[in-house]
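Heads up, the thing below is written out as structure tokens.
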Number of protein chains: 2
Amino acid sequence: MPATQLRAASPTGSRTGTREAILALALDLLQARGFNAFSYQHIADRLGIRKAAVHYHFPTKADLGLALVAHYRTQFEDWRAAQMEKGAGPLDLLRGYMAISLHFLRDGGKACPLGVLEAEFASLPPPLREAVTALDTELREFLAGVLEAGRGAGIFRFDGPAADKVLVITASLQGGLHIARAAGARSFTRMLRQLERDLGITND
Amino acid sequence: MPATQLRAASPTGSRTGTREAILALALDLLQARGFNAFSYQHIADRLGIRKAAVHYHFPTKADLGLALVAHYRTQFEDWRAAQMEKGAGPLDLLRGYMAISLHFLRDGGKACPLGVLEAEFASLPPPLREAVTALDTELREFLAGVLEAGRGAGIFRFDGPAADKVLVITASLQGGLHIARAAGARSFTRMLRQLERDLGITND
DNA sequence: GCATACTTACTTACCAGTAGGTAAGCTCTT
DNA sequence: AAGAGCTTACCTACTGGTAAGTAAGTATGC
């Protein structure tokens, strides 16, 4: 899509920004309701455009899902780059990652995009499944590095491989966001505190 | 539902067992695909009956969802009663609970019914939401008791309130079952081992 | 500098399929 | 005779997706 690149490069080229508006709204709907629980019609209605306009930008729902994963991946990469630039340590990185989840929860009870897609995994188009698996792996590898570095620096304390510990932490965060919808937001903040205790982090 | 009680009480009263077959299949579909991802038509097709027959037993999908939660609750109560009868200790109970999750995963990559319903919480009929919250609370209270008893007996070792630790464990189990679909079944068994390590359980 | 050719970003109008749900009738057992 | 347990036939709403058309902008050749 050379035209898209052109628009992205030159601000004057983007007259409406419809594509970006669809992506932002769809990510919201995905996190708040799930991939199978929103339709092109919902997006069109809330954006004041026609359904076919959504299909123009994202021909099939699989295309939209793929773009959503790519969009979320970009957001994560930007966050990671910003953290690295300001020299964030393992504790900053872990707490920053937790803060992202907490922000989701407070923003209308949203969940992690990957957690939502994994919950609906069986009904996802195969290409979307592969994209989810790939990003999921990337996030876990990043966090495993954070955990290992933190343990080496004496900031975290835990038994077993960091690759196993990261599974507990990401599963807790994703599952905890879902549980918080039924059990209340406090359940999630209490869970976060417990996750820190389980890493030997002593709170002031 | 007097008819249900009658059929359940007197085996001769149940000629076909259609109601039970619907419940069993619907629970399967719920765990494997999600509440919004199966339809009355799916159930009817796989059971060799008509869609209206499903509506006869469960007029609306909310009714079916409510029955599903009640059904799962009964299964849990039966399991708990059986464990209590054979004098299971905290470690048996915790591992038994983990084994249920592992059994779900191996039975076609199914997830915890409550975890699935919580992931779709926003699109659930309000009565169903309340039933989910109630059962979720019950399960957590049970497990918190197990954790506290185990800590008192020197079997488990963890910091903080058992009510917080149970949030980490249930969120891990529910989230871990979803993640396993994208990351593979091994990720779940490794996560289970880490959960045990985080409780100070030393494996042979 | 102006017409021609083409692209972008939509709209209107439609499609087949499926969703949940209902009313009326049939059949078998008690 | 009555009711439980269905079936047939239907309804409306909505799903993802497509075809055809159009207004507005951009690029190119002369």
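Tabulated data for the structure shown
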item	result
Any pair with Cβ under 6 angstrom, 6 or more apart, that starts in region B:46-63 at a residue that is closer than 15 Å to B:Gly17 by Cα and ends at one that is within 8 Å of DNA strand C (Cβ to nearest atom) and at pLDDT 95 or above	B:Val54/B:Tyr40; B:Phe58/B:Leu64
Condition met for B:Gly154 (part of a loop (DSSP other than H, G, I, E, B) and touching a residue at least 12 places away in the same chain (Cβ under 8 Å))	no
In region B:21-37, the residues that are open to solvent by 60 Å² or more (accessible area, probe 1.4 Å) and in contact (Cβ under 8 Å) with a residue 24 or more places away in the chain	B:Asp28, B:Asn36
Residue match in region A:55-70 (condition: away from every other protein chain (no Cβ under 14 Å) and away from DNA strand D (no atom under 16 Å from the Cβ))	yes
Sole residue being closer than 17 Å to B:Ala111 by Cα, more than 14 Å from DNA strand D (Cβ to nearest atom), of a type in the set (A, V, I, L, M, F, W, C) and at pLDDT 95 or above, chosen from B:Ala32, B:Ala82	B:Ala32
A:Gly109 at positive phi and either in contact with a helix residue (DSSP H, G or I) (Cβ under 9 Å, 6 or more places away or on another chain) or surrounded by 15 or more Cβ atoms within 10 Å (Cβ to Cβ) (or both)	yes
Test: residue in region B:187-198 that is of a type in the set (Phe, Trp, Tyr), touching a helix residue (DSSP H, G or I) at 6+ places or on another chain (Cβ under 9 Å), open to solvent by less than 10 Å² (accessible area, probe 1.4 Å) and modelled with pLDDT of 95 or more	yes
Number of positions in region B:115-164 that are surrounded by fewer than 17 Cβ atoms within 10 Å (Cβ to Cβ) and among the basic types (Lys, Arg)	1
Residue within region A:61-69 that is in a helix (DSSP H, G or I) and under 27 Å from A:Ala185 (Cα atoms) present	yes
Top-ranked residue in region A:38-89 [being crowded, with 16+ Cβ neighbours inside 10 Å and charged (D, E, K, R); ranked as nearest to DNA strand C (Cβ to nearest atom)]	A:Lys61
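Rundown of residues vs (1) closer than 29 Å to A:Asp63 by Cα; (2) within 11 Å of chain B (Cβ to nearest Cβ); (3) touching a residue at least 60 places away in the same chain (Cβ under 8 Å), yes/no style:
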position	(1), (2), (3)
A:Cys112	yes, yes, yes
A:Ala119	yes, yes, yes
A:Pro127	yes, no, yes
A:Leu143	yes, no, no
A:Val168	no, yes, no
A:Ala182	no, yes, no
A:Leu195	no, yes, yes
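The values are calculated or read from the model by the stated rules, or taken from the named source; none is laboratory data. Everything numeric in this text was worked out from a predicted model, so none of it was measured. Neighbour counts run over all protein chains shown; Cβ positions are idealised from the backbone, glycine included. Accessible surface is based on the protein model in full, side chains and every heavy atom, while ligands, DNA and RNA are left aside. Shrake-Rupley method; radii C 1.70, N 1.55, O 1.52, S 1.80 Å.
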